[in-house]
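For reference, the structure is listed below as structure tokens.
The values are calculated or read from the model by the stated rules, or taken from the named source; none is laboratory data. Here the structure is a predicted model, which is why all the values come from computation and not from measurement. FYI the Cβ positions are ideal-geometry reconstructions off the backbone, even for glycines, and counts take in every protein chain you see.
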Amino acid sequence: MKVLVTVGAQLPFKRLIEAISDINKSLNLDVFAQVGEDSRDYDGIQVIDFLSSNEYKTKLDWCDIVIAHAGMGTIIQCLELNKKLIVVPRLAKFGEHRNDHQLDTISRFEPLTSSSSLMRVCRNIDDLKQILEEIEPLSETNDFFTTAKEKDTENLGEYIKKMIDDEV
Amino acid sequence: MSKKLIAIASTGGHYVQLSRIMKQANFDSNDILYVRTKVNANDTPSFENESLIEDVSRDTLIRSPIIAFQMLKLILKHKPKWIITTGAMPGLISIVIGRLLLRKTMWVDSIANTKQLSASGRIAKKIAHKTLTQWPDLVGENVQYKGRVI
């Protein structure tokens with residue numbers, strides 16, 4: 001199983017990388033991790049600080065599962081590719097972000113997930129191994145979210161197009 | 001050739017959202033100049049209508065003038081009617097420069113901000129012509145909901 005780990009373009013997320021390195025001692029997965037400015041050495045996983053957007057796209061295609069911080073960029077890209085995704089929120093109490101907005105983000109998305117959805121939320125890092133083992137056998141044709149989002153009649157893109165075209 | 005709009009955001013989640021919103025808006029690709037921040041010194045544009053600027057965050061505010069100057073140059077060169085951004089700090093700076101150069105400006109707050117507007121968004125709503133949130137319950141003075149990216 002090929003795993004891409006990504007912590008985004010800004011801050012490192014050592015707690016996550018450490019946990020994955022630990023888990024991988026027993027699972028022996030093919031792990032490629034984008035770790036940000038993090039000079040620590042990690043056993044058993046391949047790391048890089050940053051990926052260019054083309055390199056990142058290549059790695060997204062390559063992997064079977066993405067494990068990431070709860071960043072919207074990663075969630076959107078995995079949704080578009082219908083790619084298995086486990087998100088772990090950064091916590092302000094560990095200095096991983098300025099505030100706990102990643103907890104707010106997952107609170108909005110967690111209700112859309114289930115044991116059969118391709119997206120999973122990992123609130124407690126100790127559960128990561130179990131979630132990984134649950135998501136691994138799922139078919140890639142499963143739904144990204146199991147519960148459809150509430151009906152939304154507004155279309156952001158159309159609104160912006162109309163407004164800009166009308167005013168130009 | 002002048003552009004209809006400049007779409008600018010920090011590389012990462014902000015830029016992914018902006019790109020997706022612009023794709024949904026379905027503009028002619030030549031109408032838009034995309035601008036994102038450099039991830040590192042070796043970062044280069046990934047397609048023709050993309051330009052890169054330096055990065056800045058709340059911790060490196062001292063770099064703001066560099067970005068302001070880079071945006072000034074891009075706006076004068078491409079003469080967009082609109083500047084649109086999803087954040088973060090470089091987007092806010094672009095809104096300010098855009099206003100100074102008499103452009104129309106729009107702030108679309110990131111969908112990651114589910115409980116209140118981002119810190120930059122709370123400033124942007126006082127400056128931008130249009131401020132949108134992606135969560136209906138965050139609508140307020142000068143802040144509208146017109147849909148979300150996913």
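Output the strands (runs of 3 or more DSSP E) that fall wholly within the range B:41-140 and possess 2 or more residues being closer than 28 Å to A:A70 by Cβ and touching a Lys or Arg at 6+ places or on another chain (Cβ under 8 Å), or say none. Please lay out each step first, then the result.
Details: elements: B:50-53, B:82-87, B:104-108, B:130-133.
In the range B:41-140, B:50-53, B:104-108, B:130-133 are the strands (runs of 3 or more DSSP E) which contain 2 or more residues that are closer than 28 Å to A:A70 by Cβ and touching a Lys or Arg at 6+ places or on another chain (Cβ under 8 Å).
Here are A:L60, A:L79: which of them is away from chain B (no Cβ under 11 Å), assigned to a helix (DSSP H, G or I) and within 13 Å of the chain's Cα centre (by Cα)?
After applying the criteria, what remains is A:L60.
For the range A:106-161, name all the residues that are surrounded by 13 or more Cβ atoms within 10 Å (Cβ to Cβ) and within 9 Å of another protein chain (Cβ to nearest Cβ).
A:S107, A:R108, A:E154, A:N155, A:L156, A:G157, A:E158, A:Y159, A:I160, A:K161
Have a look at B:K104, B:K77 and point out the one that is away from chain A (no Cβ under 11 Å) and farther than 21 Å from B:V16 by Cα. Please lay out each step first, then the result.
On the way: B:K104 fails: away from chain A (no Cβ under 11 Å).
Residue meeting the stated conditions: B:K77.
Yes or no: the range A:92-100 includes at least one residue that is exposed (fewer than 15 other Cβ atoms within 10 Å of the Cβ), among the hydrophobic types (A, V, I, L, M, F, W, C) and either farther than 21 Å from B:A9 by Cβ or touching a Ser or Thr at 6+ places or on another chain (Cβ under 8 Å) (or both).
Yes, the conditions are met somewhere in the range A:92-100.
Output the residue which, of all residues in the range A:86-96 that are within 13 Å of another protein chain (Cβ to nearest Cβ) and without any contact (Cβ under 8 Å) to a residue 60 or more places away in the chain, is nearest to B:I21 (Cα to Cα). Steps first, please.
Applying the first criterion (within 13 Å of another protein chain (Cβ to nearest Cβ)) to the range A:86-96 yields A:87, A:89-90, A:95.
Okay, now just the ones that are also without any contact (Cβ under 8 Å) to a residue 60 or more places away in the chain, so A:87, A:89, A:95.
Numbers: A:V87: 23, A:P89: 24, A:G95: 31 Å.
So, considering only residues that are within 13 Å of another protein chain (Cβ to nearest Cβ) and without any contact (Cβ under 8 Å) to a residue 60 or more places away in the chain, the one nearest to B:I21 (Cα to Cα) is A:V87.
Tell me, which residue of the range B:46-62 that is at pLDDT below 95 and within 11 Å of chain A (Cβ to nearest Cβ) is farthest from B:V149 (Cα to Cα)?
Filtering first and then ranking leaves B:D59.
Restricting attention to the range B:28-42, does a residue exist that is aliphatic (A, V, I, L, M), facing another protein chain (nearest Cβ under 8 Å) and buried (at least 23 other Cβ atoms within 10 Å of the Cβ)? Don't jump to the end; show me each part of the working.
The initial filter retains those residues of the range B:28-42 that are aliphatic (A, V, I, L, M), namely B:32-33, B:35, B:39, B:41.
In the following step, the residues that additionally are facing another protein chain (nearest Cβ under 8 Å) were identified as B:39.
Keeping just the survivors that are buried (at least 23 other Cβ atoms within 10 Å of the Cβ) gives none.
No, the range B:28-42 contains no residue that is aliphatic (A, V, I, L, M), facing another protein chain (nearest Cβ under 8 Å) and buried (at least 23 other Cβ atoms within 10 Å of the Cβ).
Checking the conditions here, which among B:R63, B:R148, B:R99 is basic (K, R), crowded, with 16+ Cβ neighbours inside 10 Å, farther than 21 Å from B:A25 by Cβ and free of Cβ contacts under 8 Å to residues at least 60 places away in the same chain?
Details: B:R148 fails: farther than 21 Å from B:A25 by Cβ; B:R99 fails: crowded, with 16+ Cβ neighbours inside 10 Å.
After applying the criteria, what remains is B:R63.
Confirm whether A:S53 is among the polar types (S, T, N, Q), over 14 Å from the mean Cα position of the chain (by Cα) and surrounded by fewer than 15 Cβ atoms within 10 Å (Cβ to Cβ). Walk me through it before giving the result.
Working: among the polar types (S, T, N, Q): yes; over 14 Å from the mean Cα position of the chain (by Cα): yes; surrounded by fewer than 15 Cβ atoms within 10 Å (Cβ to Cβ): no.
In short, no.
For the subset of the range B:1-27 comprising residues that are part of a loop (DSSP other than H, G, I, E, B) and more than 7 Å from chain A (Cβ to nearest Cβ), which member is nearest to A:D166 (Cα to Cα)?
The initial filter retains those residues of the range B:1-27 that are part of a loop (DSSP other than H, G, I, E, B), namely B:1-4, B:10-12, B:26-27.
Within this subset, residues satisfying the condition of being more than 7 Å from chain A (Cβ to nearest Cβ) are B:1-3, B:10.
Working: B:M1: 20, B:S2: 17, B:K3: 15, B:S10: 27 Å.
Step by step, filter the range B:1-27, then rank; the result is B:K3.
Looking at (1) in contact with a Ser or Thr (Cβ under 8 Å, 6 or more places away or on another chain); (2) surrounded by 15 or more Cβ atoms within 10 Å (Cβ to Cβ), which one does B:K4 not meet, given that it meets all the others?
(1)
From the list B:I123, B:I84, which one is surrounded by 14 or more Cβ atoms within 10 Å (Cβ to Cβ), within 12 Å of chain A (Cβ to nearest Cβ) and out of contact with any Cys (no Cβ under 6 Å at 6 or more places or on another chain)?
Matching residue, one of B:I123, B:I84: B:I84.
If I filter the range A:39-57 down to residues being away from every other protein chain (no Cβ under 14 Å) and in a loop (DSSP other than H, G, I, E, B), which single residue comes out as farthest from A:D127 (Cα to Cα)? Write out each step before concluding.
At the first step, the residues of the range A:39-57 found to be away from every other protein chain (no Cβ under 14 Å) are A:39-47.
When the remaining residues are screened for being in a loop (DSSP other than H, G, I, E, B), the result is A:39-45.
Numbers: A:S39: 26, A:R40: 23, A:D41: 23, A:Y42: 20, A:D43: 20, A:G44: 20, A:I45: 19 Å.
So, considering only residues that are away from every other protein chain (no Cβ under 14 Å) and in a loop (DSSP other than H, G, I, E, B), the one farthest from A:D127 (Cα to Cα) is A:S39.
Pairs needed: first member in the range A:48-67, closer than 18 Å to A:L16 by Cβ; second member anywhere, part of a loop (DSSP other than H, G, I, E, B) and charged (D, E, K, R); C-beta distance under 6 Å; at least 6 residues apart or different chains.
A:V66/A:K83
Show me the helices (runs of 4 or more DSSP H) found entirely inside the range A:97-168 where at least 2 residues are in contact (Cβ under 8 Å) with a residue 40 or more places away in the chain. Spell out the reasoning first.
Working: elements: A:101-109, A:128-135, A:156-167.
Because the criterion is at least 2 residues that are in contact (Cβ under 8 Å) with a residue 40 or more places away in the chain, the helices (runs of 4 or more DSSP H) in the range A:97-168 that meet it are A:128-135.
Test each condition in (1) under 17 Å from A:K2 (Cα atoms); (2) modelled with pLDDT of 95 or more for A:K93 and report the one that comes out false.
(1)
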